[in-house]
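Asker: Got a structure here, written out as structure tokens. Questions coming.
The values are calculated or read from the model by the stated rules, or taken from the named source; none is laboratory data. Quantities reported herein were computed from a predicted structural model and do not represent experimental measurements. Cβ atoms come from the backbone with ideal geometry, glycine included; neighbour counts cover every protein chain shown.
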Amino acid sequence: MTLLPATHHDLVSELVRRWRDDPGATYRSWFLWDERLKNFRSIRRGLQQVVAEIESGRFGVAYRGSSLETVVHSIAEQRQIFKGADHAWLWKPKLRIPDIYESPDNQRAFGRLLDNCSCCDTAEEIISHIRSIDALKIKGLGPAAANLLYFLHPTLVPPFNTAIVKGYNAVTGAKVKLGSWDHFLAMRAGILDLNDRYRELLSNDLGAIGGLLFDIGSGRYPAPPLEDDATAADDWLGRLE
């Protein structure tokens, strides 16, 4: 049966309600998970250790065995939404990326990003620090780092991965690309707008809407049609069942 009126807003609201009730979706399996917030604290402590080791020159020149690997492993254990989080940080010898292991200057810049973002508390400051790291054009150091920033500021920085980008593009009709900090910041603004529109169903913690977009992008749910069309809405609701 078609929702009346069958606007895109109505359909997204219906999807969010079903997602919240789905025991296998990220809302119940991860976002409401008792251990989730406990892991935030350990991840933040781990990031402080990464910063301290970089500042003192003890971080090393490899991902394997580093304090960063320990932190990213903890993030990857955050259930399905962060599965494979370590891929962005693994050394790709043919491409020599991400270039924070062999270049001391780039490594220190990465450490400054983490340190500055951990010490600030406004969106404007975080965006400024992201712009600064982007200006350096460090090969292989893209928005995957936003997953680290999410655990520092979950109400200001959304989590980021391929499925989340796919879900966001499907829901909004945007064309956000992976690997671009500019595209990430545009998506962040769009996610905040979506979160505000459906705030009665979501959370100030952007992990909730990140989980919704992840479940859409990974194929658990079809995205609602972008056009306000009763037939398309009926077809979508049929696929949602």
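Asker: Out of Val71, Val16, which single residue is within 21 Å of Arg197 (Cα to Cα) and assigned to a helix (DSSP H, G or I)? First the steps, then the outcome.
Answerer: Working: Val71 fails: within 21 Å of Arg197 (Cα to Cα).
Sole residue among the options that is within 21 Å of Arg197 (Cα to Cα) and assigned to a helix (DSSP H, G or I): Val16.
Asker: Here's a follow-up. Please list, ordered by first then second residue, the pairs with beta carbon atoms under 7 Å, 6 or more apart or interchain, first in region 157-186 and touching a residue at least 40 places away in the same chain (Cβ under 8 Å) and farther than 22 Å from Ser203 by Cα, second crowded, with 17+ Cβ neighbours inside 10 Å and of a type in the set (A, V, I, L, M, F, W, C).
Answerer: From residues that are touching a residue at least 40 places away in the same chain (Cβ under 8 Å) and farther than 22 Å from Ser203 by Cα, the pairs are Trp181/Ile130; His183/Val176.
Asker: For region 73-85, enumerate the residues that are without any contact (Cβ under 8 Å) to a residue 60 or more places away in the chain and either surrounded by fewer than 17 Cβ atoms within 10 Å (Cβ to Cβ) or among the aliphatic types (A, V, I, L, M) (or both).
Answerer: Hits for region 73-85 are His73, Ala76, Glu77, Arg79, Lys83.
Asker: Looking at Asp205, Asp182, can you tell me which residue is of a type in the set (D, E, K, R) and either surrounded by fewer than 14 Cβ atoms within 10 Å (Cβ to Cβ) or at pLDDT below 95 (or both)? Quick ask: steps written out before the conclusion?
Answerer: Working: Asp205 fails: either surrounded by fewer than 14 Cβ atoms within 10 Å (Cβ to Cβ) or at pLDDT below 95 (or both).
Among Asp205, Asp182, only Asp182 is of a type in the set (D, E, K, R) and either surrounded by fewer than 14 Cβ atoms within 10 Å (Cβ to Cβ) or at pLDDT below 95 (or both).
Asker: Considering only region 195-215, state which residues are in contact (Cβ under 8 Å) with a residue 60 or more places away in the chain and in a helix (DSSP H, G or I). Step through it out loud before you land on a result.
Answerer: Restricting attention to region 195-215, the residues satisfying the condition of being in contact (Cβ under 8 Å) with a residue 60 or more places away in the chain are 197-198, 201-203, 205, 207-208, 210-212, 214-215.
Once the filter is applied, which keeps residues that are in contact (Cβ under 8 Å) with a residue 60 or more places away in the chain and in a helix (DSSP H, G or I), region 195-215 yields Arg197, Gly207, Ala208, Gly210, Gly211, Leu212, Phe214, Asp215.
Asker: Would you point out which residue out of Ala163, Ala189 is over 21 Å from Asp10 (Cβ atoms) and exposed (fewer than 14 other Cβ atoms within 10 Å of the Cβ)?
Answerer: Numbers: Ala163 fails: exposed (fewer than 14 other Cβ atoms within 10 Å of the Cβ).
Of Ala163, Ala189, the one residue that is over 21 Å from Asp10 (Cβ atoms) and exposed (fewer than 14 other Cβ atoms within 10 Å of the Cβ) is Ala189.
Asker: Given the criteria at negative phi and assigned to a loop (DSSP other than H, G, I, E, B), does Tyr63 qualify? Spell out the reasoning first.
Answerer: Values: at negative phi: yes; assigned to a loop (DSSP other than H, G, I, E, B): yes.
Spelling it out, Tyr63 is indeed at negative phi and assigned to a loop (DSSP other than H, G, I, E, B).
Asker: On to the next question. Is it fair to say Arg58 is under 30 Å from Asp215 (Cβ atoms), surrounded by fewer than 15 Cβ atoms within 10 Å (Cβ to Cβ) and modelled with pLDDT of 95 or more? Lay out the reasoning, then the answer.
Answerer: Numbers: under 30 Å from Asp215 (Cβ atoms): no; surrounded by fewer than 15 Cβ atoms within 10 Å (Cβ to Cβ): yes; modelled with pLDDT of 95 or more: yes.
No; evaluated as a whole, the condition is false for this residue.
Asker: Sticking with this structure for a sec: Scan the helices (runs of 4 or more DSSP H) fully inside region 74-179 and keep the ones with 3 or more residues being at pLDDT 95 or above and either of a type in the set (Ser, Thr, Tyr) or on the phi > 0 side of the Ramachandran plot (or both). Step through it out loud before you land on a result.
Answerer: Details: elements: 104-119, 123-135, 146-152, 162-172.
Correct list: 162-172.
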